[in-house]
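The values are calculated or read from the model by the stated rules, or taken from the named source; none is laboratory data. If you're wondering where the values come from, they're calculated on a predicted model, not measured in any experiment. Note that we place each Cβ from the backbone using ideal geometry, even for glycine, and neighbour counts take in every protein chain shown.
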Amino acid sequence: MNALTLPDIAAQASRQALPLDWVGMCGIALPVLFDGQRLSAKVDAGVSLDDGEARGIHMSRLYLALEMLERKNLSPALLRRVLQNFLETHEELSHNAYLKIHTELLLKRPALVSPLAGWKTYPVSIEASLKKAMFHVELKIDVAYSSTCPCSAALSRQLIQQQFVDDFANKSLQHADVLAWLGSTKGIVATPHSQRSNAQLQLRLDGRLDELPLIDAINDAEAALGTAVQTAVKRADEQAFALANGQNLMFCEDAARRLNLALKRSAGINAFHVRVVHAESLHAHDAVAESRWNWEAA
């Protein structure tokens, strides 16, 4: 008995001849390697369908090409090879190839003072494309930090001054009395509001880089912001964090400017778009600032 030939519907001619910009799959579960870590990822893979007469693409070929991401460390060169494979397996059908990888990078961070350390996750997206033989790579990284409002801090200091005047009016000042007052609830009659904040970094990379500068970009951003959120802490760490916030007052505008200056100094970044969000504890809305460099020209 002769084996039947399986039908290839995708190879049939389209009933409506029309090219398509993007055809593929989204949300493919896949383990990827980065810096020795095996990360759980969701991948979007696709190509353009430039032959308007073709019914469809070969999605299984895209899926099989993604196996390369399981075996080798993520790098611009690896991303380019995957995209080239997309096009080689769709010769005469497609001219452009696209790849997005959504994952979370897990980094161990030390406490500020004590010997403790803990793990933090950083949501990351890597987008790569090969369009008309031009290779592009972008990173999207979210970095959490703490921000204390300068205006609220100034208003709090004024209230503390007023309380001091009320409590010590017409009294001779004694060192011990002032010290005791500063350590009491009266001494801290008001506190400035602070909030967990988020920096969203979108970076266009030089495609000739040997490695993806994920960790460097995170470290540069956290150093510029100065008050990255913590993991495991003891009381000494919490006190050091309170001191850091008190000495690091910033509006969302300040944070955006700091990141702009820091990222301009980072090697391998050709353009960026920064968006900072301060989730206000005073208001029911967020304070937001954005900054771009070479973004429109890239």
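Of the residues making up region 44-55, at least one is farther than 30 Å from Asp237 by Cα, out of contact with any helix residue (DSSP H, G or I) (no Cβ under 8 Å at 6 or more places or on another chain), of a type in the set (Gly, Ala, Ser) and part of a strand (DSSP E or B).
Taking the listed residues Ser184, Ser172, Ser194, the one that is hydroxyl-bearing (Ser, Thr, Tyr) and farther than 30 Å from Val113 by Cβ is Ser172, with no other qualifying.
Is it true that Ser94 is touching a Ser or Thr at 6+ places or on another chain (Cβ under 7 Å), hydroxyl-bearing (Ser, Thr, Tyr) and either at pLDDT 95 or above or farther than 20 Å from Gly36 by Cβ (or both)?
For Ser94, the condition - touching a Ser or Thr at 6+ places or on another chain (Cβ under 7 Å), hydroxyl-bearing (Ser, Thr, Tyr) and either at pLDDT 95 or above or farther than 20 Å from Gly36 by Cβ (or both) - is met.
Scan Arg80, Arg61 and give me the residue that is more than 26 Å from Lys140 (Cα to Cα), of a type outside the set (S, T, N, Q) and in contact (Cβ under 8 Å) with a residue 24 or more places away in the chain.
After applying the criteria, what remains is Arg61.
The residue list Lys131, Lys140, Lys100 contains one member that is in contact with a Cys (Cβ under 9 Å, 6 or more places away or on another chain) and assigned by TED's automatic domain parsing to the domain that holds Val32, which is Lys100. Checked against (1) in contact with a Pro (Cβ under 7 Å, 6 or more places away or on another chain); (2) at pLDDT below 95; (3) farther than 26 Å from Pro213 by Cα, Leu49 passes all but a single condition, namely (2).
The condition of being in contact with a helix residue (DSSP H, G or I) (Cβ under 9 Å, 6 or more places away or on another chain), at pLDDT below 95 and either among the basic types (Lys, Arg) or crowded, with 16+ Cβ neighbours inside 10 Å (or both) does not hold for Ser291. Restricting region 121-135 to residues that are polar (S, T, N, Q) and free of Cβ contacts under 8 Å to residues at least 40 places away in the same chain leaves a set whose member that is nearest to Val43 (Cα to Cα) is Ser125. The single residue among Glu70, Glu91 that is assigned to a loop (DSSP other than H, G, I, E, B) and farther than 19 Å from Glu138 by Cα turns out to be Glu91.
Quick one: how many residues across region 125-168 are hydrophobic (A, V, I, L, M, F, W, C), surrounded by 15 or more Cβ atoms within 10 Å (Cβ to Cβ) and in a strand (DSSP E or B)? The number of residues fulfilling the criteria is 9. Take the conditions at pLDDT 95 or above and not in a strand (DSSP E or B) and apply them to Leu282. Does it pass? For Leu282, the condition - at pLDDT 95 or above and not in a strand (DSSP E or B) - is not met. Take Ala224 and tell me if it is without any contact (Cβ under 8 Å) to a residue 60 or more places away in the chain, of a type in the set (Gly, Ala, Ser) and either crowded, with 17+ Cβ neighbours inside 10 Å or not assigned by TED's automatic domain parsing to the domain that holds Pro115 (or both). Yes; evaluated as a whole, the condition is true for this residue.
Of the numbered criteria (1) within 24 Å of Leu74 (Cβ to Cβ); (2) not in a helix (DSSP H, G or I), the one Thr185 fails is (1). The set of residues from region 184-228 being in contact with a helix residue (DSSP H, G or I) (Cβ under 9 Å, 6 or more places away or on another chain), under 19 Å from Thr148 (Cα atoms) and modelled with pLDDT of 95 or more comprises Ser197, Ala199, Ala221, Ala223, Ala224, Leu225, Gly226, Thr227, Ala228.
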